Amino acid sequence: MKATRHSPHAARHPVPPGELVHALSFDIEDWFHIVEIAAVEDPATWPGLHAQSTLVERYTDLILTICDDHKARGTFFMLGWVAERHPALVRRIADAGHELATHSYWHRKVYELTPEIFADDIARSISVLRDAVPGACIRGFRAPSFSITQGCEWAFDVLLDAGLVYDASLFPGARGHGGYACPPGIHTITAPSGRTMPELPMSLAPVGIGPLRKRMCYSGGGYLRLLTKGMIDQGVRHEARSGRPTVVYLHPRDFAPDCPRVPMPPHRRFKCYVGCATTEGKLRHLLAKYRWDTCAAVLGLDARYVHGEPPSPTDHHRTELAETRHPASPEPTIDPQSKPVESNPR
């Protein structure tokens, strides 16, 4: 397969952490959408599990309240299966001025799918969102469990064929479900077809003190729940010194100390459920201390944001795309068989 090429966007000057605009995002899936756990893998069991708890709606509404309190907009990567069952929730998200994007329909790992199955899944997820919010501009995608890995670069062409504009799926380090060797921060992907799209990968930075200092994700999911506010700030500051925005990603269950427990190995149980009571405080700390916006805005895809006019929250989900221009400088080629650039624990 032709190597997928990556090139950095235009050079970014170092900006103080409080002035750089960071990307706020949420993956809206239910409490049982956890990959590689046998007890919840079969979609036939999902309606019954969904009926056991109103967690996804309650804690998404909490996220909306927190964002409103801090006047922050974010990107909500909606799982189609959830959106289809909660269209009113999708409308509340859009009406609050947040960006709607897709997290797939079935929450299946991309590297286990064929291009045809993945294309059908993406089309269905976009259709569900537009059924809930007619005219919604769906521009972005994040793969379940960051599961675009070396060998499935075809996924970028599927996304482009579906009319999507950017991807936020790459995890530039080793993890339990893969990883992808790519530059840190915003860059341009050249898909196997030769077409390009912006990539907003997860944020990794050296975090900790002395021998415990390690390059790792610091701003989302179990990482954010496990780390202290000081360690999270350390990661934000490190990336900001290079002009790279931090990407926060959280799920409704990350806020839920009352999340129903799924049978799983002890190390997975620890990662899934520890620190949920700390998430709201950490998110409020970040929203109060730094500037945040949607993934599309941080990528420069919001026309009014590009031209310096603050977007109106009342119609953000209908904003027309600005023309995106990528640098003409030569793009380095990354071997799809190369190992992820850094190793970090899941």
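Overview of results
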{"read-out": "Ranked list, fewest to most other Cβ atoms within 10 Å of each Cβ, for Trp46, Trp81", "value": "Trp46, Trp81"}
{"read-out": "Fraction of alpha-carbon pairs over 15 Å apart in region 155-201 - percent", "value": "43"}
{"read-out": "Set Lys109/Lys229; Lys71/Lys229; Lys109/Lys289; Lys71/Lys214 screened for pairs whose C-alpha atoms are more than 25 Å apart", "value": "Lys109/Lys229; Lys109/Lys289; Lys71/Lys214"}
{"read-out": "For region 56-103, diffusion coefficient by Stokes-Einstein and Kirkwood Rh (Cα), 4 °C, 1.567 mPa s, µm²/s", "value": "121"}
{"read-out": "Net charge contributed by nearby residues that have their C-beta within less than 11 Å of Pro201 (K/R +1, D/E -1)", "value": "0"}
{"read-out": "For region 28-74, alpha-carbon Rg relative to the globular expectation (2.2 N^0.38 Å, N residues)", "value": "1.45"}
{"read-out": "Centre separation in Å (Cα based) which lies between region 177-218 and region 42-121", "value": "24"}
{"read-out": "Order of Thr45, Thr149, Thr188 under a 10 Å beta carbon neighbour criterion, fewest first", "value": "Thr45, Thr188, Thr149"}
{"read-out": "Region 30-127 - Rg (one decimal) and Dmax (whole number), Cα, Å", "value": "14.4, 42"}
{"read-out": "Contour excess over end-to-end distance, with Cα ends at Arg284 and Ser193 and 0.36 nm allotted per residue", "value": "28.6 nm"}
{"read-out": "Stokes-Einstein translational diffusion, region 129-207 - Kirkwood Rh over all Cα pairs, 1.567 mPa s, 4 °C, in µm²/s", "value": "97"}
{"read-out": "Förster radius 35 Å - calculated FRET efficiency between Ser242 and Arg91, Cβ distance, rounded to 0.05", "value": "0.35"}
{"read-out": "Theoretical gain in end-to-end length, Arg291 to Ile117 [0.36 nm per residue, Cα-Cα removed]", "value": "58.8 nm"}
{"read-out": "Cα gyration tensor, region 149-267 - rounded (a/c under 1.5), prolate or oblate", "value": "oblate"}
{"read-out": "Sequence of Asp233, Asp68 once ranked by neighbouring C-beta atoms within 10 Å, starting from the fewest", "value": "Asp68, Asp233"}
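Where a number appears in this text, it was derived from the coordinates with a stated rule and is not lab data. Quick caveat, the model's predicted, so the values are computed rather than measured. Positions of Cβ are backbone-derived with ideal geometry, glycine not excepted, and every protein chain shown enters the neighbour counts.
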